[in-house]
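Below: one structure, written as structure tokens.
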Amino acid sequence: MAIFIGTLPSHADWREEIGFTRLASFAASELPTATTAGLAQIEALEDDNYAPDTTLSQFADQTISLQSGSSGTSSHASHVGRNFYGSDSQLAGAAQVDVYYASDWISTDFLNLGTTSLPLTETRAVQNHSWIGTDNSTADAEEINQRLDYAINRDGFVCLVGMNNGSSATYPQILGQAYHTIAVGRDDGNHSAGLTTLDGTGRSKPEIVAPSASPESATSWTTPMVAGTAGLLVEALTSTYGLTGADKPRVTKAILLASATKDTLASWSNSSTTPLDTTYGAGELNAWHAWHTLRAGRVSASTTTSHPPRGWAAESVPANSSKTYFLSIPAGASTPFSACLTWHRAISSQSSGNGPFRSLDFSATLADLNLRLYQADGLSTTTTVVEQSLSSVDNVELVHDSGLPPGDYALVVENASSTATSYALAWHSLPAVTIEATVATAAELDLSAATLAVSRTGETTLPLLVSLSYSGTATAGADYESPPAELTIPAGASSATVEITPISDDLAQGDRTITVTAGTDFSYVSDSSAGITIADKPFDAWRFLHFTSADLSDPAISGESADPDSDQLANLLEYALGTDPNSSTASPVAADLSTGSLAISLAKSTAATDISWDAQVSADLLSWSPAEILTNSDSLIEARAPDPLDPSSPAFIRVKITRP
């Protein structure tokens, strides 16, 4: 019996959570515009119908063919289709979509269950199964899963299957217990999970989860999310890298599992003998990570080459041998690191008695591969094992380190079996973001800005969005212009700048600080922040040091022209001369007649950097003309009258200060 696994909720945009919205924005020119090999959707009946509503505008670009006879519309099939290949899915664009009724697909439409015929040939790139089977005999269930594994390995398509809804350790018999499929659950953990009970027990399922926030709260809807990302990968693997056959499903699975996030889940853990979390598998789907892992490029095992911190391989490891991949994590910050190794069991069909794939005629061999992450010294592997995955029952090995420090490492694929085995390996880490103040002070006096450089490690061919947070004693919008909440480091660049522009006022606040920190984001790691200072106007900073808060609110005490100590020196003069405005000061003016001309000298405060000094002379205190400036240094001004002193005429000289 086949049943679908979800009811129809209203549609929601889940693409942002898996990183696809950003991917579509930043890598639009790279993403496939069509699925050339096409897609397959297999559905259980809903009110005797299995077909999506082909009249919906979501499916205007698709050619949908019903492979199991005529059918009315199924709301379940329509919702699966929207998340899988609809116009706002990850696979928007033209595609041939074959739709099957699950029971017919199991029998003559594809698998040929219970016959002496092999499964039909699948020409489509990705199959999606948002249904489960629960009341098959053990023999039939094993045959169905085995036939599907055989077809995947033979035809090279990717197959996504949903687990049952409801947290339970009881697995559906089909199709979640197959080896070569990718079993999908929900990020809230409300799905059947645990260890397989058929055809090789003790294997962890599901292998990945996807966003299940309402209204997407069913594995029927999370499964096509993963299928959509898989479709992007397999299209590029075919068109860009020329991958063929079983390498395509193996590499796609390895990339999806290696790039899945762990910190978005309530809890995640694994061990050396249990490579996947028993509830969440490898973690939550992330299309941004998966695409970056793919585009990092295919590499080969080598003892003379170090690879980037993201990448993938599709190779074969000889019997009782190993292959090594050296890589480096660049300086900047520790990074979450995951690597996934996948391979297929070897399935052969034999014809006798009950025909191929029946229990007496089925033959399968599962190689025992292991994956270890070693500390390395350049291109030499040390004996230090950082992480290892040594399961003897799964065809998946996964190592994960939540904070792998910068340095040199080696991934080693080990074959403990007596036959050569083809495999796929993918690994993923995050770039590090650092922030540095290149101009550490913003001045309120001249509105000069502070400048911060936001830099990243790793490849630069796509933009990187960095979120920024601000803290400190300065207030955005009052002390400085509201800064950006995020910054995009453009493609081709390893850094970008942020300017902090101060706002001028006449408040005595003293210098204020801002700490700029890279906010949390799925696309990078950072433990970096930078501090800058907003320098108050020098006179206001001086007032802030010499007056109380109450005094500062009273211009009769703290204003420029106020003289709170009644020493005939206004505050502005006290500031310019470096004297205490709250303590009476003797006149600092020194007069001199020794040269025969009226002269004056004053010691200046070197801290009064915004004061302009001048000297003037007058005969009547009404009209003033320039004096001769003898010295005007940072600490002293000396001036004299340009004409000799005439004892019969009055003469005056003064020092004039101005502040902008």
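Read-outs throughout are calculated quantities, based only on the coordinates presented, and are distinct from any laboratory measurement. It should be emphasised that the depicted structure is a prediction, and the values quoted were computed from it without experimental measurement. Virtual Cβ from ideal backbone geometry, glycine too; neighbours counted across all protein chains shown.
Only counting other Cβ atoms within 10 Å, I'd like VAL396, VAL439, VAL317 sorted with the fewest neighbours first. Let's see the in-between values first.
Values: VAL396 25, VAL439 15, VAL317 22.
Sorted ascending by nearby Cβ count, the order is VAL439, VAL317, VAL396.
Would you mind calculating the relative contact order of the stretch 475-623 from Cα pairs under 8 angstrom and at least 6 residues apart, reporting the percent as a whole number?
Values: 164 pairs, mean separation 20.3, N = 149.
Reported as a whole number, the value is 14 percent.
Tabulate in residue order the Karplus-calculated ³J(HN,Hα) for the stretch 594-602, using 6.51 cos²θ - 1.76 cosθ + 1.60 with θ = phi - 60°, rounded to whole Hz; enter x for Gly and Pro.
Running phi through 6.51 cos²θ - 1.76 cosθ + 1.60 with θ = phi - 60° gives 5, 8, x, 10, 5, 10, 8, 9, 9 Hz.
If packing is taken as the average count of other Cβ atoms within 10 Å, what order do 110-117, 209-216 fall into, highest mean first?
On the way: 110-117: 17.9, 209-216: 21.1.
Highest-to-lowest ranking by the protection proxy: 209-216, 110-117.
Can you run phi through the Karplus equation (6.51, -1.76, 1.60; θ = phi - 60°) for the stretch 446-460 and list ³J(HN,Hα) in whole Hz, with x for Gly and Pro?
Taking θ as phi minus 60°, the curve returns 10, 6, 6, 8, 7, 10, 10, 9, 9, 10, 10, 9, x, 5, 10 Hz for the stretch 446-460.
What percent of all Cα-Cα pairs in the stretch 589-658 falls in each 10 Å bin, counting up from 0?
For the stretch 589-658, the pair-distance distribution reads 21, 53, 22, 4, 0.
If you average the sequence gap of Cα pairs under 8 Å that are 6 or more apart and divide by the length of the stretch 433-536, what percent do you get for the contact order?
Values: 254 pairs, mean separation 40.5, N = 104.
The normalised contact order for the stretch 433-536 reaches 39 percent.
So what's the gap between the Cα centers of the stretch 445-475 and the stretch 389-411, to the nearest angstrom?
Cα centroid to Cα centroid, the span is 34 Å.
Show me, bin by bin at 5 Å from 0, the whole-percent P(r) of the stretch 15-108 based on Cα pairs.
3, 14, 23, 22, 17, 11, 6, 4, 1
Highest first, please rank the peptides 476-489, 166-179, 336-349 by the mean number of other Cβ atoms sitting within 10 Å of their residues.
Working: 476-489: 15.2, 166-179: 20.5, 336-349: 23.0.
Per-residue mean Cβ counts within 10 Å order the peptides as 336-349, 166-179, 476-489.
Please state the relative contact order of the chain as a whole percent: Cα pairs under 8 Å, 6+ residues apart? List each step's numbers first, then the result.
Values: 1704 pairs, mean separation 57.8, N = 660.
9 percent.
So, counting K/R as plus one and D/E as minus one, what does the shell of residues with Cβ under 10 Å around GLU459 add up to?
Values: positive: ARG295, ARG310, ARG456; negative: none.
Result for the neighbourhood of GLU459: +3.
Any chance you could check the Cα centroid distance between the stretch 575-610 and the stretch 303-334 for me, in angstrom?
The distance from the Cα centre of the stretch 575-610 to that of the stretch 303-334 comes to 73 Å.
Using Cα centres only, tell me the gap between the stretch 127-182 and the stretch 507-549 in whole Å.
Measuring centre to centre over Cα atoms gives 59 Å.
I need the peptides 584-597, 631-644, 364-377 ranked by packing, meaning the mean over residues of other C-beta atoms within 10 angstrom, with the highest value on top.
On the way: 584-597: 11.9, 631-644: 15.4, 364-377: 19.2.
Put in order of decreasing packing, that is 364-377, 631-644, 584-597.
Evaluated at 20 °C with a viscosity of 1.002 mPa s, what Stokes-Einstein diffusion coefficient in µm²/s does the chain have when Rh comes from the Kirkwood expression over alpha-carbon pairs?
Numbers: Rh = 29.4 Å.
Result for D is 73 µm²/s.
Kirkwood Rh over Cα pairs of the stretch 188-258 into Stokes-Einstein at 25 °C, 0.890 mPa s: D in µm²/s?
Working: Rh = 13.9 Å.
It diffuses with D of about 177 µm²/s by this estimate.
Of all DSSP beta bridges in the chain, what percent run antiparallel (nearest 5)? Spell out each step's value before the answer.
Details: 104 of 141 bridges.
Restricted to the chain, the bridges split so that about 75 percent are antiparallel.
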